[in-house]
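Structure record follows, encoded as structure tokens.
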2 protein chains.
Amino acid sequence: MNTLSFGLLCILATHNYTGYELMLKIQPFWQAKHSQIYPLLAALVKEGLVLFEDVAQSDKPDKKIYSITEKGLNELKQWMAESSAEPVTRDEMMLKAYCISIVDVDVIQTLFDEQEQMYANRLAKYKNYCELIPKIDGGIAEIDFHSPQFGLYIILKKAIMNAEVNLEWCRWVKSQIKK
Amino acid sequence: MNTLSFGLLCILATHNYTGYELMLKIQPFWQAKHSQIYPLLAALVKEGLVLFEDVAQSDKPDKKIYSITEKGLNELKQWMAESSAEPVTRDEMMLKAYCISIVDVDVIQTLFDEQEQMYANRLAKYKNYCELIPKIDGGIAEIDFHSPQFGLYIILKKAIMNAEVNLEWCRWVKSQIKK
DNA sequence: CTTTACATGTAAGCCGTTACATGATTCT
DNA sequence: AGAATCATGTAACGGCTTACATGTAAAG
């Protein structure tokens, strides 16, 4: 049982999904390709933590809809109560930033323009997600922590706060260069 | 040539270091163990991008001091001008947050207390680093972007901004739970 | 007519962590 | 007496990415 396996259980704890849908759902929190997810789902089935139902489709390929078992939910709850490992970030830009003084101003400018654009895109994307959650209008309305929507609500809040502060950082760096 | 190899070149572009020192220096930006770094350094030597000097020591083990070559600096500058890959973050806590509503309030409380403590520790650590850079007193003084210290300056600024906003997020989540 | 979305799976290879191996000095 | 720091290296294993493989339908 690795972290990604527990991540799949987390998502199945809220709703039933196909492997393909799980891949799309877990993307924002844990980058994983389908080639990694399908074998893990097979292992979870073998251990009796999830089960699946075959669904035949005519227009699209047949699919398997996975759901979490009682045993799976128990193991998940146990894992939830354990201390979390420190987040790991690998950011190429931080390596470049370390020796930024060795390149020309125009190269620095381009790098930070791109970086700013990336964070602006993220911010727009996350703010878009907000509109899909009915109860959040402009981030003012609050969701009760007992609600199953609470998880997505706090994650989106964090994603937006991080994107905003990183955008701000890019603009600050650029202001330092111009002077 | 993978990203970590370029990361090592970035650090060697500012100063000469042993493999052991490189491991310590790169930790904050790219988590890597010595077992990964030593073979990469050997490969960089083979390609003529870095070279090393043997230094015998009596009290401590003998060491190799690495420095970047002209060829290494050229390849680094070329890489610096390329677009940066998107940062990858793997945060166990985000997986847990997704289905946070399935556990009891006291479990949520403990998880976010620990998370808050972690970000508080990071913030303290980064603010400590600041005092080691002479020109930053409380983050007010500015460093010219031509200075080799500029890289560390902007990285620290980002690390502090991120730690602060994540701390704020932890406190906000906890305020949502109490109500 | 090509790309994207849906849908599942395997194989090869690189990346990263843990463990094995050695050894002196300093701190607790 | 045991742990931490400095210092280098290899081996085994698990995690993640890229590529191989197949097939339909909708959208550009």
* Report yes if some residue within segment A:135-155 is open to solvent by 50 Å² or more (accessible area, probe 1.4 Å), touching a residue at least 60 places away in the same chain (Cβ under 8 Å) and not in a helix (DSSP H, G or I); otherwise report no. => yes
* For segment A:10-26, what are the residues that are within 14 Å of DNA strand D (Cβ to nearest atom) and touching a strand residue (DSSP E or B) at 6+ places or on another chain (Cβ under 8 Å)? -> A:Thr18, A:Gly19, A:Tyr20, A:Leu22
* To do: Spot the failing condition for A:Met1; the list is (1) open to solvent by less than 50 Å² (accessible area, probe 1.4 Å); (2) farther than 23 Å from A:Lys157 by Cα; (3) among the aliphatic types (A, V, I, L, M), and only one is missed.
  => (1)
* To do: Go through the residues of segment A:79-96 one by one and say whether even a single one is within 7 Å of chain B (Cβ to nearest Cβ), under 18 Å from B:Glu86 (Cα atoms) and more than 22 Å from the chain's Cα centre (by Cα).
  => yes
* Structure fact -> A:Asp106 vs (1) away from DNA strand C (no atom under 16 Å from the Cβ); (2) touching a strand residue (DSSP E or B) at 6+ places or on another chain (Cβ under 7 Å): all pass except (2)
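Quick grid of which residues meet (1) within 14 Å of DNA strand D (Cβ to nearest atom); (2) touching a residue at least 24 places away in the same chain (Cβ under 8 Å); (3) more than 27 Å from B:Leu73 (Cα to Cα); (4) open to solvent by 50 Å² or more (accessible area, probe 1.4 Å):
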| position | (1), (2), (3), (4) |
| --- | --- |
| A:Ser35 | yes, no, yes, yes |
| A:Lys46 | no, no, yes, yes |
| A:Thr69 | no, no, yes, no |
| A:Glu82 | no, no, yes, yes |
| A:Met94 | no, no, no, no |
| A:Val103 | no, no, no, no |
| A:Gln115 | no, yes, no, no |
| A:Ala120 | no, yes, yes, no |
| A:Ala124 | no, no, yes, yes |
* **Enumeration of residues in segment A:1-26 that are farther than 20 Å from A:Pro148 by Cβ, within 11 Å of DNA strand C (Cβ to nearest atom) and aliphatic (A, V, I, L, M)** => A:Met23
* Asked: Any idea which of A:Phe29, A:Phe52 is touching a strand residue (DSSP E or B) at 6+ places or on another chain (Cβ under 8 Å) and either within 9 Å of DNA strand C (Cβ to nearest atom) or not hydroxyl-bearing (Ser, Thr, Tyr) (or both)?
  -> A:Phe52
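The values are calculated or read from the model by the stated rules, or taken from the named source; none is laboratory data. On a predicted model such as this, the values are computed, not experimentally measured, just so you know. All Cβ positions, even for glycine, are placed from backbone atoms using ideal geometry, and neighbour counts span all protein chains on display. Each accessible area value is taken on the protein alone, full model and side chains, heavy atoms only, with ligands, DNA and RNA left out. Shrake-Rupley method; radii C 1.70, N 1.55, O 1.52, S 1.80 Å.
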